[in-house]
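The values are calculated or read from the model by the stated rules, or taken from the named source; none is laboratory data. Being a predicted model, the structure only gives us computed values, none of them experimental. Positions of Cβ are backbone-derived with ideal geometry, glycine not excepted, and every protein chain shown enters the neighbour counts. What goes into the accessible areas is simple: the full protein's heavy atoms, side chains included, and nothing from ligands, DNA or RNA. Shrake-Rupley method; radii C 1.70, N 1.55, O 1.52, S 1.80 Å.
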Amino acid sequence: MTETTDELPIESHGIEVRDVNKDFGDFQALRDVNLIVPDGSMTALLGPSGSGKSTLLRTIAGLEVPTSGQVFIGGEDQARKPVRTRNVGFVFQHYAAFKHMTVFDNIAFGLKVRKKNRSEIEERVNELIDLVQLTGLAKRYPSQLSGGQRQRMALARALAVEPSVLLLDEPFGALDAKVRKDLRTWLRRLHDEVHVTTIFVTHDQEEAMDIAEQIVVMNGGRIEQTGSATDLYDQPANEFVMGFVGEVNSLGGRLVRPHDTEILPVRSPDSVEVEIDRVVRLGFSGRVEMLTVPDKQEVWAQLTRSELETLNLESGSTAYVRPRPDALTRKDTGALDGTFREVSPDIHRPTYAGPELPV
């Protein structure tokens, strides 16, 4: 499913991508992509490896030129204009810091290239150091910072030139889980302060749902669905979106959410026989892990504590499962098979080893 756009570019749209295709030789990385990113919003590009999300981000940045189509930033087509004219801040996963420069000089780099005067540079850099919570660290070098601190420095450097658009390519991918979670909270608060139109790439569903106002689900170079986290979870456009945004079971050829999976003590006409593998009690709720009979497919259900007590399930016992009567389901066409397999041909995963662009 492709998001449609208006006939003419609208200046109030921070970014508008129209009919964009991108080929790398015989490989089509982007296929008829249409997308509107509202001005001042936070949008996540979410999808498995090889879905085209990083290629789309790089095309918006100007690091890739689309084979066909248009990219509007502030109502102006930028698709074939050089990176330096786009006023875009770009942050890579691995910081791309200048190792021989201090925190202050890294953040100031783009301002110096633009030949800003010394007092203006000092004021702007000190303001950003406080904003990204690096106060007292201005004279340190990147090697003296933690991973989270280096990423905050990279964000400050991208913001220093006051970009109209901020693009983040898996900005927390190289960090451990605790730091990632802390930085997610910090980034959300930072965006509330600066209100710059922001797009970030992630394959982490929780990260996208936690931060973004708009989530764009991509697969095979196409946009499958665009919407809020609630839209994608409660009204998935197809089985791929349903399976990628949130967990699902496949029961009798239908996809169903674990909380919409009902466990019965006796067989019903529309139920599937299962063997109880494990029962995990988690305070007021619980998780029942099961294997279908006879094909041993893993499924699970989320139940309330009272439901668990009523069913009195034990490992090794037999039960029957089906979608609850009011459950949201989608036909299982096999679209999710292999979804999480790494697909990353070198030809369409170009990398850039330098600092964030533009400078």
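For beta carbons closer than 7 Å, sequence separation of 6+ or different chains, a first residue in region 115-143 that is of a type in the set (A, V, I, L, M) and a second that is part of a loop (DSSP other than H, G, I, E, B) and open to solvent by 90 Å² or more (accessible area, probe 1.4 Å), the qualifying pairs are Ile129/Thr135. Looking only at region 283-332, count every residue that is of a type in the set (Asp, Glu), open to solvent by 60 Å² or more (accessible area, probe 1.4 Å) and part of a loop (DSSP other than H, G, I, E, B) and tell me the total. Residues meeting the conditions: 3.
Taking the criterion of being assigned to a strand (DSSP E or B) and either out of contact with any Ser or Thr (no Cβ under 9 Å at 6 or more places or on another chain) or not hydrophobic (A, V, I, L, M, F, W, C) (or both), the residues of region 73-116 that qualify are Glu76, Asp77, Gly89, Phe90, Val91. No other residue among Asp204, Asp192, Asp234, Asp182 is of a type in the set (D, E, K, R) and within 22 Å of Ser54 (Cα to Cα) apart from Asp204.
Kindly indicate whether any position in region 249-260 is farther than 30 Å from Leu303 by Cβ and in a helix (DSSP H, G or I). Quick ask: steps written out before the conclusion?
Of region 249-260, the ones farther than 30 Å from Leu303 by Cβ are none.
Checking region 249-260: not a single residue is farther than 30 Å from Leu303 by Cβ and in a helix (DSSP H, G or I).
Anything in region 174-195 that is part of a loop (DSSP other than H, G, I, E, B) and within 20 Å of Asn106 (Cβ to Cβ)? List them, or say none. Spell out the reasoning first.
Step one: of region 174-195, the residues part of a loop (DSSP other than H, G, I, E, B) are 174-176, 195.
If the condition is that a residue be part of a loop (DSSP other than H, G, I, E, B) and within 20 Å of Asn106 (Cβ to Cβ), then Ala174, Leu175 are the ones that fit.
Can you spot a residue in region 3-15 that is modelled with pLDDT of 90 or more and within 23 Å of the chain's Cα centre (by Cα)? Scanning region 3-15 turns up at least one residue that is modelled with pLDDT of 90 or more and within 23 Å of the chain's Cα centre (by Cα).
Being open to solvent by less than 40 Å² (accessible area, probe 1.4 Å) and without any contact (Cβ under 8 Å) to a residue 24 or more places away in the chain is the filter here, so list the residues in region 229-247 that pass it.
First pass over region 229-247, keeping only residues open to solvent by less than 40 Å² (accessible area, probe 1.4 Å): 229, 232, 236, 238-246.
Matches in region 229-247: Ala229, Leu232.
Pairs are defined by a Cβ separation below 9 Å, a sequence spacing of at least 6 or placement on different chains, a first member in region 21-33 that is free of Cβ contacts under 8 Å to residues at least 40 places away in the same chain, and a second member that is not in a strand (DSSP E or B); the pairs so defined are Asp26/Ile347.
Among the residues of region 93-110, not one is buried (at least 24 other Cβ atoms within 10 Å of the Cβ) and either within 25 Å of Glu224 (Cα to Cα) or touching a Cys at 6+ places or on another chain (Cβ under 6 Å) (or both). The single condition among (1) within 29 Å of Ser228 (Cα to Cα); (2) without any contact (Cβ under 8 Å) to a residue 60 or more places away in the chain; (3) open to solvent by less than 50 Å² (accessible area, probe 1.4 Å) that Ser250 does not meet is (2). Taken as a whole, the condition of being out of contact with any Cys (no Cβ under 7 Å at 6 or more places or on another chain) and either of a type in the set (S, T, N, Q) or buried (at least 20 other Cβ atoms within 10 Å of the Cβ) (or both) applies to Glu170.
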